[in-house]
Amino acid sequence: MPTPQRFTLQWPGKQESLRHLNEPVSAHLEPVPEESLFPEQASHLFLEGENLTILRILRKEYQGHIDAIYIDPPYNTGQTIAFDDRYFNRVPAASLLDDSLSERSAKTVRDPSPWLSMMYPRLALAWELLKKQGVLFVSIDDRAIHHLRCLLDEVFGPENHVGTVVWRKKVVRGRGHRHLIPQTEYVVVYARDIKELPPFSEPLTQEMIAEYTRQDERGPYKLIPFAKSGTRHSPRPNLAYPIEAPDGTWIQCPTLQWRWSEKTFWNRQEEIVFRKSQKGVWMVFTKQYLYQEGRQRRKTPVSYYDRVTTTDGTRELKDLSDGAIFDFPKPSRLIRDLVAWLPPFSETGKGIILDFFGGTCPTAQAVIDLNQEDGGHRQFIVVQDVPLPGSTAHNTAFVGKERIRKVIDRYRKISPPLPQDNGFSNLAFRVSRLSP
Ligand SMILES: C[S@@+](CC[C@H](N)C(=O)[O-])C[C@H]1O[C@@H](n2cnc3c(N)ncnc32)[C@H](O)[C@@H]1O
């Protein structure tokens, strides 16, 4: 029988890239107490070493236990590969093997194969590590988003694409672009299982809170029209009924339908408010309270984010790492705002977040800051490798650890550590290093 045709993403080296995934791992993680801070109280982990091996080690303990993964993978810049391709010597992409280096750099066609081969097994492990209700955030730019989406559709399933956040990463124009100045980047979001993923939410803005100007015994509220706006919904007969106004006249729904059924309308009479417009037309409103069950109302996030830029990321890192220079570190606020969309993080203050392309560790800072802010007990696991001996590359792991220590030191200086969860403190972290 002929195999049914379906869309798949193919590239040279694809199968090879998964070859080592299920082999036993002989390496292990060795604690480095002298680089840790209060390791006996620490649940936060900084793991130094190659992330594919470390993810395979983590699989034993954390499979199905991670709430959120944020990654900012090295970008594929085409002919010159920006990521450290020493890891691909074991799983080379056939197309690159066939070419000499000079032929390769002379190529005008960008070959995403090595990048895809690098990402594929790591994303497969990310999927395994996530909880059923877990979620993956991936920072990516315009050059690789199409490949990443296809790859994630394959690993996570297209139905689990939650959405893509457009991040306005800079406001200045910059030079060197003749056609389009890139000011945006993306964060692609996938659920482990969209049916299990609870709704995202974020705090209301100050302007939104300021709209709750009215007050009754249940607290501050604002009035919102009872007629449902928009034309997307198909009318439901039980939602279109006449309502008797205080003067005995009848009000017909000015749109296709009311927001509540007639039964709910009668059950929640104390929330219904009638007002007459200047033209003498009756209008119906409901009270929307600022607090629900003692918690402030939140809103659903939108897919556009512009609260911080790369300049904020650079400034923040300079301040925390004695001026270390690193290309475009992510601002920790971006990561903090994204992970706080998840109910386990915002409501319970618990959960584990993993970043296996840790870089200068903005994810670690995001988690520490969030915990300090609300007394939560979220835990980070950050993975970052060191350069090969003799390499002139930045030792990003060094910068990252330094940053975590500085963030913790600063908090410890201004206030004693907050009460601990099961003996674990937010202001402590353990370093472990991959040993062969
Ligand atoms: C784009 S950077 C991440 C930047 C980070 N979000 C920040 O703001 O600082 C990607 C990082 O992943 C690291 N990396 C690349 N391949 C790796 C691997 N196989 N194992 C561990 N780290 C790796 C690189 O050294 C680099 O620091």
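The values are calculated or read from the model by the stated rules, or taken from the named source; none is laboratory data. In this text, all values refer to a predicted model and were calculated from it rather than measured experimentally. Don't worry about glycine lacking a Cβ; one is built from the backbone with ideal geometry, like all the others, and counts go over all protein chains shown.
Restricting attention to the range 290-317, the residues that are of a type outside the set (Lys, Arg), buried (at least 16 other Cβ atoms within 10 Å of the Cβ) and in a strand (DSSP E or B) add up to 1. Considering (1) farther than 26 Å from SER201 by Cα; (2) touching a residue at least 24 places away in the same chain (Cβ under 8 Å); (3) not aromatic (Phe, Trp, Tyr), say which one SER303 fails and leave the rest. All conditions pass for SER303, except number (1).
Out of the residues in the range 407-436 meeting the condition of being loosely packed, with under 15 Cβ neighbours inside 10 Å and of a type in the set (Lys, Arg), tell me which one is nearest to ILE66 (Cα to Cα). Among those that are loosely packed, with under 15 Cβ neighbours inside 10 Å and of a type in the set (Lys, Arg), it is ARG410.
For LYS330, indicate whether it is under 30 Å from TYR70 (Cβ atoms) and outside any loop (DSSP other than H, G, I, E, B).
On the way: under 30 Å from TYR70 (Cβ atoms): yes; outside any loop (DSSP other than H, G, I, E, B): no.
In short, no.
Just one residue in the set ILE66, ILE71, ILE54 is buried (at least 22 other Cβ atoms within 10 Å of the Cβ), in the same structural domain as ASP142 (by TED's automatic domain parsing) and more than 20 Å from the chain's Cα centre (by Cα); that residue is ILE54. What is the residue count in the range 241-289 for residues that are assigned to a strand (DSSP E or B) and farther than 19 Å from TYR221 by Cα? The total comes to 7.
Can you tell me which of ASN395, ASN422, ASN371 is polar (S, T, N, Q) and touching a Ser or Thr at 6+ places or on another chain (Cβ under 9 Å)? Reasoning before the result, please.
Numbers: ASN395 fails: touching a Ser or Thr at 6+ places or on another chain (Cβ under 9 Å); ASN371 fails: touching a Ser or Thr at 6+ places or on another chain (Cβ under 9 Å).
Selected residue: ASN422, the only one of ASN395, ASN422, ASN371 that is polar (S, T, N, Q) and touching a Ser or Thr at 6+ places or on another chain (Cβ under 9 Å).
Cβ-Cβ distance below 9 Å, separation of 6 or more or different chains: which pairs start in the range 36-59 with a residue that is within 23 Å of SER117 (Cβ to Cβ) and end on one that is at pLDDT 95 or above and among the acidic types (Asp, Glu)? Listed by first residue and then by second, the contacts come to ILE54/GLU48; LEU55/GLU128; ARG59/GLU128. Among the residues of the range 185-198, the one identified as among the β-branched types (Val, Ile, Thr) and surrounded by fewer than 16 Cβ atoms within 10 Å (Cβ to Cβ) is ILE194. Checking each residue in the range 334-391 for being under 20 Å from ARG405 (Cα atoms), assigned to a loop (DSSP other than H, G, I, E, B) and either away from the ligand (no atom under 13 Å from the Cβ) or among the acidic types (Asp, Glu) (or both) picks out GLY375, GLY376, HIS377, ARG378, ASP385.
Would you point out which residue out of VAL189, VAL138 is in contact (Cβ under 8 Å) with a residue 40 or more places away in the chain, touching a His at 6+ places or on another chain (Cβ under 9 Å) and among the β-branched types (Val, Ile, Thr)? I'd like the intermediate steps shown before the answer.
Values: VAL138 fails: touching a His at 6+ places or on another chain (Cβ under 9 Å).
Answer to the selection: VAL189.
In the range 392-416, the residue that is nearest to the ligand (Cβ to nearest atom) out of those that are farther than 17 Å from ILE325 by Cβ and out of contact with any strand residue (DSSP E or B) (no Cβ under 7 Å at 6 or more places or on another chain) is VAL407. For the range 127-145, a residue qualifies if it is away from the ligand (no atom under 13 Å from the Cβ) and not in a loop (DSSP other than H, G, I, E, B), and the qualifying residues are TRP127, GLU128, LEU129, LEU130, LYS131, LYS132, GLN133, GLY134, VAL135, LEU136, ILE145.
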